[in-house]
Amino acid sequence: MKSDKENIKIDGIDKKILRFLMEDARKPVLEIARKIGISGAAIHQRLRKLENSGLIAGSKFVINPKVLGYSTMAYVGIYLDKAMSNPMAVKALKKIPEVLECHYTTGNWSILIKVLCKDNEHLMQVLNKDIQQIGGVSRTETFISLEQQIERQISI
């Protein structure tokens, strides 16, 4: 692995390690080492370098929201009355647990958020009582996701 100012270069072994871990972050290091043909210590050393470079941002468990009763995913475009309202709006959006992502965008909306709710009624409450009450929000435009058809990370 070579670091190049902002871009790092990873070799074939790094790529194999990353592919195994992207598939299953709990895969034992020794199992990966056996499959690749290098020592477990070498895997640990490479992982530490990849983490220090910022390429790996940690590992996490993925919660299935449907098991908890959350079945309505929506994207909400937020129109702000002025650009200066953005920091205050984002601060307020952070307090709404149903807001999973928040993006500052180009185009018609000032902000695009991803919201997860239990059902359409819950979504309506979040929109009316939480999001549309934020100072600076002039209006919203909502798109309900019927089905996520692709979910992936960048290819390694």
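The values are calculated or read from the model by the stated rules, or taken from the named source; none is laboratory data. These numbers come from a predicted model, not from an experiment. Backbone-built Cβ (ideal geometry, glycine too); neighbour counts: all protein chains shown.
Things to note:
- Residue within region 59-67 that is in contact (Cβ under 8 Å) with a residue 12 or more places away in the chain, surrounded by fewer than 16 Cβ atoms within 10 Å (Cβ to Cβ) and farther than 25 Å from I144 by Cβ present: yes
- Test: residue in region 112-124 that is more than 23 Å from E147 (Cβ to Cβ), outside any strand (DSSP E or B) and in contact (Cβ under 8 Å) with a residue 12 or more places away in the chain: no
- Residue within region 75-89 that is modelled with pLDDT under 95 and either touching a helix residue (DSSP H, G or I) at 6+ places or on another chain (Cβ under 6 Å) or of a type in the set (A, V, I, L, M, F, W, C) (or both) present: yes
- Considering region 125-151, the residues that are surrounded by 10 or more Cβ atoms within 10 Å (Cβ to Cβ) and touching a residue at least 60 places away in the same chain (Cβ under 8 Å) include one that is nearest to V67 (Cα to Cα), namely S145.
- Within region 96-111, the only residue that satisfies the criterion of being in contact (Cβ under 8 Å) with a residue 12 or more places away in the chain, closer than 14 Å to P65 by Cβ and assigned to a loop (DSSP other than H, G, I, E, B) is E98.
- Residue within region 53-73 that is under 25 Å from I113 (Cα atoms) and part of a strand (DSSP E or B) present: yes
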